[in-house]
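**Student:** Handing you this structure, nothing more for now.
The values are calculated or read from the model by the stated rules, or taken from the named source; none is laboratory data. Everything numeric here is computed off the predicted structure, so don't read it as measured data. Ligands, DNA and RNA are stripped out before the accessible areas are found, and what is left, the full protein with its side chains, is counted by its heavy atoms. Shrake-Rupley method; radii C 1.70, N 1.55, O 1.52, S 1.80 Å.
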Amino acid sequence: KIVGCQGCGACQNGNHICVIGNEIYPLCKVCDTIVLASPLYFWSFSASIKAFIAGYLPYQRKDKYPHKNSVLLMTAGSDQFWTFEQSVSYYRFVTKAIGWTDIGMCLAVVVMVRKEKDI
């Protein structure tokens, strides 16, 4: 379970360790690739992905962000040309800020077909 910031300020002290204690962050130290997977919610990542990134930053700061590869997987119910624009921009910002190497993205649109009787 990944929960968001509680605003306690623990990440601002000398050891920069979040008191929430999300168990996923220690696993990030030993992995080579981080995969961010999310459906598109209001033209951005899900709240869980945002909470993961927000918690990852202070947790990893003491280690100066060890190098990781990263992949973005997203789905959306819209096939507009701009559908993933904001999410991709944010993903590129995060990878650059943390020093991850983007090794790919898979952005899939799901287009539903309705029968006339369903309309």
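**Student:** Show the residues, 5+ positions off or on another chain, whose built amide H is closer than 5 Å to the amide H of Val3.
**Tutor:** Placed amide hydrogens put nothing under 5 Å from Val3.
**Student:** Which far-off residues, 5 or more places away or on another chain, put their amide H under 5 Å from the one on Thr75, with H placed in the peptide plane?
**Tutor:** So Thr75 has HN proximity to Ser38, Leu40, Ala108.
**Student:** So, taking all protein chains as they sit and a 1.4 Å probe, how much accessible area belongs to Trp100, in Å² rounded to tens?
**Tutor:** Here the residue's solvent-accessible area equals roughly 20 Å².
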